[in-house]
Amino acid sequence: MSKVSAYYSINPTDPDVHHDQSDCPSGQQIPAHNRRSGTNGYPKCKHCRDM
Ligand SMILES: [Zn+2]
């Protein structure tokens, strides 16, 4: 588990959250073409908060 720069998915069907853990199970499902850096103003996802 390691902390990375914040990232989020631009896919409108994904939850409006950002991630900052490299091993986040939700974050890992984001394909590279939907992944953007930053938080986009979204709250941190539950998995990343609990890690
Ligand atoms: Zn996450």
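Only the coordinates and a few stated rules stand behind these numbers; no lab work does. As the structure is a computational prediction, the values presented were derived from the model and not from experiment. With ideal geometry, Cβ positions are generated from the backbone for all residues, glycine too; neighbour counts draw on all protein chains shown.
At a glance:
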| item | result |
| --- | --- |
| Neighbourhood charge, 12 Å Cβ-Cβ cut-off, centred on SER2 and excluding it, Lys, Arg +1 and Asp, Glu -1 | -1 |
| Under Karplus coefficients 6.51, -1.76 and 1.60, residue-wise ³J(HN,Hα) of segment 35-42 in Hz, glycine/proline x | 8, 10, 7, x, 9, 6, x, 7 |
| Environment charge at ASP20 (Cβ cut-off 12 Å; Lys +1, Arg +1, Asp -1, Glu -1) | +2 |
| Amide H contacts under 5 Å for GLN21, placed H, 5+ residues apart | VAL4 |
| 3J(HN,Hα) from dihedral phi, segment 23-32, Karplus parametrisation 6.51/-1.76/1.60, rounded to Hz, x for glycine, proline | 9, 4, x, 6, x, 5, 7, 7, x, 3 |
